[in-house]
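The values are calculated or read from the model by the stated rules, or taken from the named source; none is laboratory data. All of these numbers come straight from a predicted model, not from anything done at the bench. All Cβ positions, glycine included, derive from the backbone under ideal geometry; neighbour counts span all protein chains shown.
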Number of protein chains: 2
Amino acid sequence: LPSNVSAAFSAAARNIVGDAFVRDDPESLEAYGADALKRGRPADLVILPGSTREIASVVALCQSHKVPFLARGGGTGYTGGAVPVRGGVVLSLERLNQILEIDPINLLARVQPNVVTGDLQRAVEREGLFYPPDPASLAHCVIGGNVAENAGGPRAFKYGTTRRYVLGLEAVLPTGEVVRTGSKAVKNVVGYDLTHLLIGSEGTLAILTEITLRLIPKPQARVALRALFGGVRPAVAAVTAFIRAGVVPAAIELVDEESLAALAGYLGRPLAPPGTGAALIIEVDGSPETVASECHLVEACCRTAGAHEIVRAADESDRTSLWEVRRELSASLRFISPIKLNNDVVVPRGRVPELFDLVDRLRTTGPFRIACFGHAGDGNIHVNILVDPTAPEGLRAAEQAVRTLFEGVVALEGSISGEHGIGISKAPYLAIELSSDEIALMKRIKTAFDPQGLLNPGKIFPEDP
Amino acid sequence: LPSNVSAAFSAAARNIVGDAFVRDDPESLEAYGADALKRGRPADLVILPGSTREIASVVALCQSHKVPFLARGGGTGYTGGAVPVRGGVVLSLERLNQILEIDPINLLARVQPNVVTGDLQRAVEREGLFYPPDPASLAHCVIGGNVAENAGGPRAFKYGTTRRYVLGLEAVLPTGEVVRTGSKAVKNVVGYDLTHLLIGSEGTLAILTEITLRLIPKPQARVALRALFGGVRPAVAAVTAFIRAGVVPAAIELVDEESLAALAGYLGRPLAPPGTGAALIIEVDGSPETVASECHLVEACCRTAGAHEIVRAADESDRTSLWEVRRELSASLRFISPIKLNNDVVVPRGRVPELFDLVDRLRTTGPFRIACFGHAGDGNIHVNILVDPTAPEGLRAAEQAVRTLFEGVVALEGSISGEHGIGISKAPYLAIELSSDEIALMKRIKTAFDPQGLLNPGKIFPEDP
């Protein structure tokens, strides 16, 4: 592909950010051209701006040269949101990595976009505060990317996704203007809610340059439990029972038999006795009294639903090791097959058993394995189709299975993506969930922000024929 | 003003919804032409559609005749959002008043837009569920209007505003298409979040025809407290102290001295001993053990901050009467003056004392009284400027005070509206909070939805010169 970037453009870019912060060596162009989806296209130029003002100047330069551009954060996305599929400039926000303010009186933080999520969590917890969103990649992903994708994680069941914590944004529009949305106030109904429109817009409407986040007091106590069941259905029955009893755990993670087998193979030790068809990891938090009484109720519901083993993490180190198992899942599956089609579908929680019925049917349709785990409380199950790399004809069957899966979850009143977004990997399937009128409206919104279509082109919307 | 509606239009409308559901008598045109702002303009035609399909047909008819139109719910808005300022058709959604589904397994409800908020609350509480948003008008306001305005209420401090509970919408676009946004799944990141863009758009982007709401388990216990202080500042100090101690009450309402005096006058009995300069009404909910320990902590913080009286509601009837006082506030103020400029400004909670400093300065600028009460936890204070009706020249000074107030809250990093929206009453002040670039972007979004500008024209944006 020919480069989108002229020598004059490069020179002007160096003029804006300084020579040291423009990269055009092949290694950099390659490295900044892919994310966790691992389907890249090298950038034509990588720019590392140091301020909002520099970003606005680079954007104006891109507009005047008609060069495509996009912003890149931690590069941990699963759907290609940060991949420059049409080439052009990748604006890496890695220098904008400061926590600007933590305000324990007003319970808020103001951060630059490339603050690592886990770092922010630790910083606010030192002040007795809590930032709940906990995507599995929290050691590497950044707040800007979390906002762009509306990231979730296990604790979303009780605490909601990133959306619930964003009070305001500073952003550079594709046309170069700097806007501020929302405010430090926890309520704001002045004009259209640009904050909430930008959340989850996958970097296609604006470049986020500063984020004001709401925090909450840190829960005083937390306890994690693991319960083992003969299969997925009794596990879901247990979840329904304790939620109906009024318990709202911080997290309710479900791991199916195939995922448990993958973990055992990867870790080299069995995790559960024979006959285990599903595991629940449940975390309860709050005041010590509430945690104690809710744990009791959760355990009772699990036993009634048929759990054959229930372990309560006795201390924080037990708790950590219990959760580490959950965090090793993605690596375990990659160990089985490098060709993993990762689908974060979501259905109303009561329909999770029907989702597993559908997965059982898909298992018969090709030479692949399917491992499922995820956020049972939210009905948000990661359905991983693992294609045998020695039987690459299986990939076509797997892609057909993805389509059948997506049609199935929409029929179950769910959604094809609960956390990861559309990007490039799911764009071909968008019309399974959205009508042509809905897609046309979204495209008109995109045009209202980006009339030239230069910001992060080729994402979300299926290619026009 | 000449009517926007021709005889041919009326006949076509009658054809769509039936003769019985079209009104053109003067009383109806008047009655449907105003909301709680009490600044109306009669409708040219009132239509009572019975279904989404009929709404879509009426909208298409309006488009083909270039007749302005808007949807009306409970008519309880404070900013003129449902007032047909440019005439045309008022589509009253009063026939769309059914609760379609309450699903205790998936913790959701599906409702038509004109379900009264309080009715929905009672219906879900019968199932052990809870719909937290509780605007003061909950006996009359409707869910569709709550979504259009992103309504709040006392419980927003702990539970968030209406936004947090909306999973999906069915809506008729101004161009006549019926779209569905979101789904029954609690997470959905497929395309731009039209659900959250429509929430708070004040009926200017689409007509909401069905709403899917998330519910939560009903808290097992709740206790209300009233604490009296010498002034607003120690009351705010108490709030800061118990929040820093990790307590998140369901509601923290603040009532200032002027409001207490108005209540005493209206109810004909003193509510607090002499020397009382502020009252807090605090409600704690959750498990019985947590409620008990949090009440204890709240009371201790109030005492330390100087409360001279703390009353705990002993039972549900005490609790109700304690809250009734709060609910009588608006009526009490109207009793003092029929000319009440009601401003629901919001600042970061720690800056509430600075907001009261500003109000004290405003009190010296004209022949009016200013009574403040509201949601102290959210920093969302209703600043009511009560103009002496016998000194109508006071109105101009009051309008100047409103402008100074709005400039002041923006300088305090707050917002000019936390709950009521912009509508017509605050449109002249929009540019105090938003830049011209931000307003221009919002107008482009409006055009993406409504290229002819026929849906609810004249709202939010200041008139072009």
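Data overview
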item: B:Asp35 being among the charged types (D, E, K, R), surrounded by 14 or more Cβ atoms within 10 Å (Cβ to Cβ) and in contact (Cβ under 8 Å) with a residue 24 or more places away in the chain; result: yes
item: Residue satisfying condition, being in a helix (DSSP H, G or I), within 16 Å of A:Ser337 (Cβ to Cβ), more than 14 Å from chain B (Cβ to nearest Cβ) and not basic (Lys, Arg), within set A:Ala397, A:Ala391; result: A:Ala397
item: Selection from the range A:455-465 of residues that are more than 9 Å from chain B (Cβ to nearest Cβ) and either surrounded by fewer than 22 Cβ atoms within 10 Å (Cβ to Cβ) or in contact with a Phe, Trp or Tyr (Cβ under 6 Å, 6 or more places away or on another chain) (or both); result: A:Pro457, A:Gly458, A:Pro462, A:Glu463, A:Asp464, A:Pro465
item: Test: residue in the range B:337-355 that is away from every other protein chain (no Cβ under 14 Å) and more than 12 Å from B:Asn384 (Cα to Cα); result: no
item: Criterion (in contact with a Leu (Cβ under 8 Å, 6 or more places away or on another chain), surrounded by fewer than 19 Cβ atoms within 10 Å (Cβ to Cβ) and of a type in the set (A, V, I, L, M)) met by exactly one of B:Val345, B:Val311, B:Val359, B:Val284; result: B:Val311
item: Single match in B:Ala238, B:Ala227 (criterion: within 26 Å of B:Arg326 (Cβ to Cβ), more than 11 Å from chain A (Cβ to nearest Cβ) and assigned to a strand (DSSP E or B)); result: B:Ala227
item: Test: B:Leu45 is farther than 15 Å from B:Ile207 by Cβ and buried (at least 24 other Cβ atoms within 10 Å of the Cβ); result: yes
item: Test for A:Leu280: is it more than 14 Å from chain B (Cβ to nearest Cβ) and not charged (D, E, K, R); result: yes
item: Within the range B:418-442, considering residues that are more than 9 Å from chain A (Cβ to nearest Cβ) and assigned to a helix (DSSP H, G or I), the one nearest to B:Ala82 (Cα to Cα); result: B:Ala427
item: Qualifying residue in the range A:365-375 (condition: over 18 Å from B:Lys184 (Cα atoms), free of Cβ contacts under 8 Å to residues at least 24 places away in the same chain and not polar (S, T, N, Q)); result: no
item: Selection from the range B:1-32 of residues that are surrounded by 14 or more Cβ atoms within 10 Å (Cβ to Cβ), hydroxyl-bearing (Ser, Thr, Tyr) and under 18 Å from B:His65 (Cα atoms); result: B:Ser3, B:Ser10
item: Lone unmet requirement of (1) within 30 Å of A:Ile460 (Cβ to Cβ); (2) among the hydroxyl-bearing types (Ser, Thr, Tyr); (3) away from chain A (no Cβ under 11 Å) for B:Thr162; result: (3)
item: All positions within the range B:325-338 that are of a type in the set (Gly, Ala, Ser) and part of a helix (DSSP H, G or I); result: B:Ser330, B:Ala331, B:Ser332
item: Residue among A:Pro249, A:Pro288 that is closer than 24 Å to A:Val383 by Cα and within 14 Å of another protein chain (Cβ to nearest Cβ); result: A:Pro249
item: Matching entry among A:Ala376, A:Ala371 (being crowded, with 23+ Cβ neighbours inside 10 Å, away from every other protein chain (no Cβ under 14 Å) and of a type in the set (Gly, Ala, Ser)); result: A:Ala371
item: Within the range B:443-465, tally of residues that are of a type in the set (Asp, Glu) and in a helix (DSSP H, G or I); result: 0
item: Those residues of the range B:247-287 which are in contact (Cβ under 8 Å) with a residue 24 or more places away in the chain and assigned to a loop (DSSP other than H, G, I, E, B), in sequence order; result: B:Val247, B:Val248, B:Pro249, B:Ala250, B:Leu271, B:Ala272, B:Pro273, B:Gly275, B:Thr276, B:Gly277, B:Ser287
item: Matching residues in the range B:71-88 - criterion: being of a type in the set (A, V, I, L, M) and buried (at least 24 other Cβ atoms within 10 Å of the Cβ); result: B:Ala71, B:Ala82, B:Val83
item: Filter result (free of Cβ contacts under 8 Å to residues at least 24 places away in the same chain and at the interface with chain B (Cβ under 7 Å from one of its Cβ atoms)) within the range A:167-203; result: A:Ala185, A:Lys187, A:Asn188, A:Val189, A:Val190, A:Gly191, A:Tyr192, A:Asp193
item: Unique match (being more than 27 Å from the chain's Cα centre (by Cα) and at pLDDT 95 or above) among B:Ala241, B:Ala272; result: B:Ala241
item: Listing of helices (runs of 4 or more DSSP H) fully contained in the range B:70-178 that carry 2 or more residues being out of contact with any Asp or Glu (no Cβ under 6 Å at 6 or more places or on another chain) and under 24 Å from B:Asp44 (Cβ atoms); result: B:143-149
item: Unique match (being surrounded by fewer than 23 Cβ atoms within 10 Å (Cβ to Cβ), β-branched (Val, Ile, Thr) and within 30 Å of A:Val67 (Cβ to Cβ)) among A:Thr404, A:Thr447; result: A:Thr447
item: Residue tally, condition surrounded by 22 or more Cβ atoms within 10 Å (Cβ to Cβ) and more than 22 Å from the chain's Cα centre (by Cα), over the range B:167-192; result: 14
item: Members of the range A:401-458 that are in contact with a Lys or Arg (Cβ under 9 Å, 6 or more places away or on another chain), without any contact (Cβ under 8 Å) to a residue 12 or more places away in the chain and of a type in the set (Asp, Glu); result: A:Glu438
item: Within the range A:295-308, considering residues that are assigned to a helix (DSSP H, G or I) and of a type in the set (A, V, I, L, M), the one surrounded by the most Cβ atoms within 10 Å (Cβ to Cβ); result: A:Val298
item: Flag for A:Arg326 being buried (at least 19 other Cβ atoms within 10 Å of the Cβ) and at pLDDT below 95; result: yes
item: B:Val402 modelled with pLDDT of 95 or more and closer than 30 Å to B:Gly277 by Cα; result: yes
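Yes or no, residue by residue, for (1) more than 21 Å from A:Glu419 (Cα to Cα); (2) in a strand (DSSP E or B):
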site	(1), (2)
A:Ile310	yes, yes
A:Ser317	yes, no
A:Trp323	no, no
A:Lys340	no, yes
A:Pro353	no, no
A:Asp360	yes, no
A:Cys372	no, yes
A:Leu386	no, yes
